[in-house]
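Structure first, commentary second.
The values are calculated or read from the model by the stated rules, or taken from the named source; none is laboratory data. Small disclaimer: the values here were computed from a predicted structure and weren't measured. Don't worry about glycine lacking a Cβ; one is built from the backbone with ideal geometry, like all the others, and counts go over all protein chains shown. Remember, those area values only see protein heavy atoms, side chains included, never the ligands or the DNA or RNA. Shrake-Rupley method; radii C 1.70, N 1.55, O 1.52, S 1.80 Å.
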Amino acid sequence: MREITFVEALNEALHEEMDRDKKVFILGEDVELAYVFGVTKGLAARFGKDRVRDTPISELGIVGAGVGAAMAGYRPVIEIMFMDFIMLAMDPLINQAAKLRYMLGGQLSVPMVVRTPGGGGVQYGPTHSQCLEAWFMQMPGIKVAVPSDPADGKGLLKAAIRDDNPVLFVEHKMLYKQKGLVPEGEHLVPFGRAVVKRPGADVTLVGVGYQVVNCLRAAEALAAEGISAEVVDPRTLAPLDTATIAESVRRTGRCVVVEEGHLRSGAGSEIAAAIQQEAFDYLDAPIGRVAALDAPIPFEPRLEAFVLPNPDKIAKAVKQVLGAAV
Amino acid sequence: MAAKVKSKSASRSLSRDDYLRMYRTMLCIRRFEEKTDELFMAGRIKGAVHVSIGQEACSVGVCSALNQDDAILTTHRGHGHSIAKGTRLNEMMAELLGKATGLCKARGGSMHIADISKGHYGAHSIVGANMPMAAGMGLAFQLEGKGRVAVVFFGDGASNQGSFHESMNLCAIWKLPVVFFCENNHYAVSFHVNRSTAVRDISLRAQSYNAPGVTVDGMDVMAVYEATKEAVARARRGEGPTLIEAKTYRFFGHSRGDPQFGPYRTKEEVERWRKRDPLLVAEKMFKVTEAEKKAVQGEVAEEMAVAVEFAEKSPEAPLPSALEDVYA
Ligand SMILES: Cc1ncc(C[n+]2csc(CCOP(=O)(O)OP(=O)(O)O)c2C)c(N)n1
Ligand SMILES: [Mg+2]
């Protein structure tokens, strides 16, 4: 184990998987120089431009081509420069990749990974700041990974590449420079397995992606006030490990779900529904939710911060949930 | 007084005042972009900015051929087009600085400048998104029958989006009054056009849509103006779209303080293009005198100072305004 950044951890996963399996290749805009966020740095030099290919700005074309290559037995890893642009490729992702194995009677599968940076906090405005994972969580046939630290980033990406089915792999921009301990070499994080990132007794915080980091910050602040918060990271939204979440809630009796997608029909709506199904008798208060407000993400820093979740908002929600029980 | 202008197709209908006005607008764009870059590097402008230094002849050549009620739609690199279309400078600078007085109330920022009152229907930061909208505006203008035209600016990179091809075809089959203006600055971020695009001249793609396609020198404001004038006249006559490709170059990096050259292009390449700086080309072509230059520089500097002061003195946008204009 050594401390590396989230970007370095993802880069390492790509190096290892491309080394391991010649069928793995990369398509994306500016991936050769890794000009924008740097996740694919050094891969073109190492594996050649046949396997690390710069593409024109043609999101529909490259994701569609990824589906085709996967149908033909390859394992494309596609980079979409910002998650917002994935909307240009919804047809190959949802109408094709997510359905082909089922629709063709199981004759083939689509082992494709689409990696993409989501989220705000960098003042890029309404069309470069969205967290759309809830949309994909709703759709049978596509897996959704939302890592929140470098080790999970590496382990989930390696697992995603080896998965025989399509995976949407969401990388929050605010995580890229965060450091953490990451195992060297083989390190796989299985899909559908949540993990307790911080143990606690009074309340369960379920965080999605980067919001796990904000939950940990909130838990730290709450600890100073004598409130013990447990932080659970589902790590993948589809499949979703409701058992681990429910187990935690059964112990704490209270829960706040935190995500950066919009509140309405968010990942938290589904998680809260699962909790009330599986742990209703143990709940001492209504489940709290913190999410982006239901407005586009404005560009100006103060307005943006007003719309997005943060540790303060999480701590407030926790106090509300605790107060509601009294 | 009519000046002799050395450009293959120099217009006889323009006066010396018109030429000086074009030169002045180009200089205004240059100074605005320099100021923007400076404010970004100083941390006073947040987010993403993409300056258009080197491409001023495209903005001014096109917009000089338009009426105020004609429409433009532009891109992430849209400050120049905005200024050339008459966008209010003070309110534009206020938007970049994220103030309540900004054109978009601090919600859109640099990549989403719009001034509907001037026929500027927005910078659109999703590459290729503006072209179908231009087709739709063209359709509305055709139905309306008042002879208005929509011009859409886009880059070499954007010409590889399906939206370009779908929009060109729609405009061609319905003979919509739309001008497709492609600023081929040879790069999409770090990706050279010769690698991204199968044809050497993007204008060739017009043939697939049975529309005229022309390539012009994007560093020569008059060449751009003449080509646009012809395309606009054709659109107003109901003859449909034209694709204009201007070969040009961005002198700065792709965005927000990127290096001006390397790792994807050489210093020599940048310097070669800088010799054809559109401002220098215009000064020579219009025979701008030292006295005229000085006067224009002074006026533009004053305008910039006023815009920055207006922006800086403007109030911050109130937090609840982040939830206004949300209706569902
Ligand atoms: C759909 C979409 N894909 C990718 C991007 C990221 N991006 C922003 S600008 C740019 C390059 C655009 O190149 P070009 O069209 O030539 O315009 P230029 O930047 O050269 O002015 C890219 C890839 C985006 N904004 N939208
Ligand atoms: Mg370009």
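What to note about this one:
- Applying the Karplus relation 6.51 cos²θ - 1.76 cosθ + 1.60 with θ = phi - 60° to the stretch A:261-270 yields 3J(HN,Hα) values of x, 5, 4, 5, 6, x, 4, x, 4, 5 Hz, where x marks Gly and Pro.
- Taking amide H as placed 1.01 Å from N in the peptide plane, B:VAL216 has its amide H under 5 Å from the amide H of B:GLU245, B:ALA246, B:LYS247, each at least 5 places away in sequence or on another chain.
- Ligands, DNA and RNA excluded, the heavy atoms of B:TYR225 present near 20 Å² of accessible surface to a 1.4 Å solvent probe.
- A helix-only calculation puts chain B at -13000 deg cm²/dmol for mean residue ellipticity at 222 nm, using -39500 (n - 2.57) for each DSSP H run of at least four residues, averaged over all residues.
- Under a 5 Å amide H cut-off, with hydrogens placed 1.01 Å from N, B:GLU316 pairs with B:ALA100 among residues at least 5 apart or on other chains.
- Mean per-residue shielding of peptide B:159-171 is 2, counting Cβ atoms of other chains within 10 Å of each Cβ.
- Note on the stretch A:1-117: dipole from Cβ charges, positive end direction compared against A:HIS15, A:ALA98, A:TYR35; the farthest Cα belongs to A:ALA98.
- P(r) tail fraction, the stretch A:2-182 - alpha-carbon pairs more than 24 Å apart, %: 30
- Between helix A:6-20 and chain A: long-axis angle, C-alpha atoms, 0 to 90°, nearest 10: 40
- Debye equation applied to the C-alpha atoms of the stretch A:195-323, log10 I(q)/I(0) at 0.14, 0.18 Å⁻¹: -0.53, -0.88
- Share of carbon and sulfur in the accessible heavy-atom surface of the protein assembly as shown [1.4 Å probe, %]: 54
- Kirkwood Rh (inverse of mean 1/r, distinct Cα pairs), the stretch A:21-61, angstrom: 10.4
- Between the stretch B:212-284 and the stretch B:137-189, the C-alpha centres lie 17 angstrom from each other.
- For B:GLY108, the residues whose modelled amide H falls within less than 5 Å of its own, excluding neighbours fewer than 5 places apart on the same chain, are A:PHE299.
- Within the full protein context, the accessible area of B:HIS79 is estimated at about 0 Å² for a probe radius of 1.4 Å.
- Relative to the longest principal axis of the Cα atoms of chain A, the long axis of helix A:59-71 makes an angle of roughly 80 degrees.
- Virtual paramagnetic centre 7 Å along Cα→Cβ of B:ASP69, amide N under 20 Å, in the stretch B:236-253: B:236-240
- Average beta carbon contacts from partner chains per residue of B:254-261, 10 Å cutoff: 1
- Using distinct alpha-carbon pairs, which all enter the 1/r mean, Kirkwood radius of chain A in Å: 19.9
- By the Stokes-Einstein formula, at 0.890 mPa s and 25 °C, the stretch A:45-105 with its Kirkwood radius over alpha-carbon pairs has D equal to 196 µm²/s.
- With all protein chains in place and ligands, DNA and RNA left out, the 1.4 Å accessible area ranks A:LEU188, B:LEU97 as A:LEU188, B:LEU97, largest first.
- Dividing the radius of gyration of the alpha carbons in the stretch B:3-311 by their Kirkwood radius gives 0.94 for Rg/Rh.
- Whole-number percent relative contact order across chain A, with pairs defined as alpha carbons under 8 Å at least 6 apart: 16
- C-alpha long axis of helix A:311-323 to longest principal axis of chain A, angle in °: 40
- Shielding by partners - mean other protein chain Cβ count within 10 Å, residues of B:104-113: 6
- Projecting the Cα atoms of B:THR75, A:SER265, A:PHE82 onto the charge dipole of the protein assembly as shown, computed from C-beta unit charges around the Cα centre, puts B:THR75 farthest toward the positive end.
- Farthest positive-ward along chain A dipole, Cα basis, beta-carbon charges - from A:VAL113, A:GLN123, A:VAL307: A:VAL113
- Percentage relative contact order, chain B, counting C-alpha pairs under 8 Å, at least six apart: 23
- Each residue was assigned an accessible area with a 1.4 Å probe, and for A:PHE306 the value is about 60 Å².
- Which of B:SER117, A:SER228 is most accessible, then next, and so on - probe 1.4 Å: B:SER117, A:SER228
- The listed residues B:MET285, A:MET90 rank as A:MET90, B:MET285 when sorted by accessible area, largest first, using a 1.4 Å probe.
- For chain B, hydrophobic long helices are taken as DSSP H runs at least 15 Å long by C-alpha position along their axis with mean Kyte-Doolittle hydropathy of -0.5 or more; these are B:130-144, B:162-174, B:221-236, B:290-313.
- Anisotropy class of the stretch A:262-322 from Cα gyration tensor, a/c 1.5 cut: oblate
- The protein assembly as shown - charge dipole about Cα centre, Lys and Arg +1 at Cβ, Asp and Glu -1, debye rounded to 20: 1480
- Reported value for the protein assembly as shown: 165 Å³ per residue, from the convex hull of its C-alpha atoms.
- Surrounding net charge for A:GLU16, when Lys and Arg each add one and Asp and Glu each subtract one, Cβ distance under 9 Å: -1
- Its Cα centre serving as origin, chain A has a Cβ charge dipole (Lys and Arg +1, Asp and Glu -1) of approximately 240 debye.
- Within straight-line cross-link reach of B:LYS293, lysines at Cα separation under 28 Å, skipping those fewer than 8 residues along the same chain: B:LYS4, B:LYS6, B:LYS8, B:LYS35, B:LYS85, B:LYS118, B:LYS229, B:LYS247, B:LYS275, B:LYS284
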